[in-house]
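Starting off with a structure, shown below.
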Amino acid sequence: MLLVAFAGWVLDTEDGTRWAANRAVGFLNGKLAIAQLTGSVSGPLTASGIRWVDPESGVDVRVARVTVDVALRELMEKRVHVQVLDVNGVDVRLSEPTKPDEEKKPFSLQPPIDLLLDRFTLKDARVSRDGKDLFVARAAEASASWTGRGVTVQRFIVDSPDGNVRLTANVSGSSSGAAAAPAQGATDEIYDGRVSGAFRWKVAEVQYVGELSATSEKQKLVAQIRLSAPVVARVNATLGETKELPWQLTADVPQFDPRKGLLPDSSIESLAAALSAHGDLTFVELRGDVAMNGKSLRIDPARVRYQEQVLTLEALTLMDPTRRGTLGATGEIRFATADGSKTSNGASSAAPFYANLNVTWKDVKLPKEWVGQPLATHGELQVAGSPATFNANGQLALGPPNRLADIAVDVAGTPEQVQVKRFEILQKTGSLVATGTVLLKPRISWQLNANAKTFDPGAIVAGWPGKLGFSLDTKGELQEQGPNASLNLRTSTARCAAGRLQARRRSR
């Protein structure tokens, strides 16, 4: 009788509830603080001035007021039934944890006890990390349940200064039995479910509006996203819920003007895309068309594989709008190993990666809509190196059709400097040659030499026809107050229509 009376006093009286709360605060060694309690556990109960501080997890949570009303008698049926949960004034401040995360156990849909939530409301919530806001909500509403039959979200609404989200969902689980082995760390449950909703959300001053839906059954997830702003787009995706995680994706973006809402300062007047891709955890292949200003570039295909710390570009084939010109690229990027051993090419894995790429192209025609005038090009370029050192060299031709200039490039560099060993443009009637060094640290500085002879920049850059002839030595650096440079222009003969420049002079 005394035990029953004590339990009734704790659950049904304000004094008893306050006594139990004080014991809980003391047991948590200062992590929890509650300024005021009114009501009782049997409901409704209101707590004000709540604070939870856990430096080891990097969490500091402050809540102005919480009101909860629980159907206490349903605990006898092994069910927690929350009829009302109102939360006001939430301030979550995240920081770097002082204790490493413990290994997390695999998630299971089987709850320790059935949970029912009839009505949840939230007002004025903010989540920040190191003083920077991550998420702000004016209000949120939800009703949901988590039972042995699965998780059901009958209603989920978030209203934020950045937009709003509405969702409904249900997920159920069952044993996989003799099905394929799950991914490492996963349980042997198979999840079936459905989610649907709509969103209107602003990211970096761009507002995204659309709908989404997803269905999971028979170890396969099928998802659709429909965007109506800032562009009209349709994305369909499937994901196999097996160890290899095979996937497929198609994206269709009808022609739109990116200057309206997405890229207001862009010179591109229209964009469109139709892409399809598939792959798994180690492989990606992409095909499709991307159109810019009414001219289409075809990707057929782009294929990448990642195995044993090596990212291999097996194929990249791009076809110009005429479909006669092609660009191809192959190569690999070898990432550092954890034990500090050498990579197969002998480079130290102390560098985060080492890349070796080769790009070739032929019969490529760039339309006027892309570069301001029709240009033709062919060539080959090799790039090899790491963040510590790199080399890039190649031979190419570029210019208006039937008037191509031969271009040679040989550049080497480190994080401290870039050395231009050779940069040469040879036209039928002129040339431009440049060599020199650009220092990047401790501040940007340069020492360059350039020589031009009846060089026509308009053959490469639209709108700049002319003839340039000069011999130039320059050196300088960028200082806090601005550039400090010296020029030695020994001879000069220049005529450039776009810049309205005509000059003949000698100087030292």
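Filter the GluC sites (Glu not before Pro) in region 200-268 to those in DSSP coil with at most 14 other Cβ atoms within 10 Å of their Cβ, and list the result.
Passing both the DSSP loop test and the Cβ count: 205, 244.
Any idea what the dipole of region 2-133 comes to, in debye rounded to 20, about its Cα centre with Lys/Arg Cβ at +1 and Asp/Glu Cβ at -1?
The calculated dipole for region 2-133 is roughly 100 debye.
Under 16 Å Cα-Cα from residue 362, which aspartates and glutamates qualify once same-chain neighbours fewer than 8 residues away are excluded?
300, 320, 380, 406
Could you report the accessible area of residue 57 in Å², rounded to 10, computed with a 1.4 Å probe on the protein chains as they sit in the structure?
60 Å²
Right, another one. For the pair residue 166 and residue 62, what calculated FRET efficiency results from E = 1/(1 + (r/R0)^6), where r is the Cβ-Cβ distance and R0 = 30 Å, to the nearest 0.05?
0.60
I'd like the FRET efficiency for residue 53 and residue 487, computed as 1/(1 + (r/R0)^6) with the beta carbon distance as r and R0 of 56 Å, rounded to 0.05.
0.35
Taking 8 Å as the Cα distance limit and 6 or more residues as the minimum spacing, I'd like the relative contact order of region 345-494 as a percentage.
Relative contact order here is 13 percent.
A further question follows. Using a basic spin-label model with each label point 7 Å from the Cα along Cα→Cβ, how many nm lie between residue 84 and residue 295?
6.7 nm
Turning to a different aspect of this structure: Test of understanding: what is the full-extension gain from residue 382 to residue 406, defined as 0.36 nm times their sequence separation minus their Cα-Cα distance?
7.0 nm
Still on this structure, I have one more. Cα-Cα over 22 Å: which of 365/467; 365/421; 441/475; 132/202; 368/453; 132/441?
365/467; 365/421; 368/453; 132/441
Residue farthest toward the positive end of the dipole of region 375-487, with Cβ of Lys/Arg at +1 and Asp/Glu at -1: which of 417, 377, 430?
Sorting the options by dipole projection puts first 430.
To continue, here is another question. Under the 0.36 nm per residue contour assumption, what length would be gained going from the current alpha-carbon distance of residue 358 and residue 464 to full extension?
35.0 nm
Given Cβ point charges of +1 (Lys, Arg) and -1 (Asp, Glu) and nothing else, what value in debye, to the nearest 20, does the dipole of the chain about its Cα centre take?
Charge dipole, the chain, about its Cα centre: 2500 debye, nearest 20.
Kirkwood Rh, Cα Rg: Rg to Rh for the chain?
1.10
Could you state how much accessible area residue 424 has, in square angstrom rounded to the nearest 10, with a 1.4 Å probe and all protein chains kept in place?
The value for residue 424 is about 40 Å².
Something else now. Angle check, please: helix 2-12 long axis (alpha carbons) against the longest principal axis of the chain (alpha carbons), in degrees 0 to 90, nearest 10.
50 degrees
For region 17-85, what does the accessible surface come to per residue with a 1.4 Å probe? Please give it in Å².
58 Å²
The values are calculated or read from the model by the stated rules, or taken from the named source; none is laboratory data. Predicted model, so just to flag it, every value in this text is computed and none were measured. With ideal geometry, Cβ positions are generated from the backbone for all residues, glycine too; neighbour counts draw on all protein chains shown. Only protein heavy atoms, including side chains, enter the accessible area calculation; ligands, DNA and RNA are left aside. Shrake-Rupley method; radii C 1.70, N 1.55, O 1.52, S 1.80 Å.
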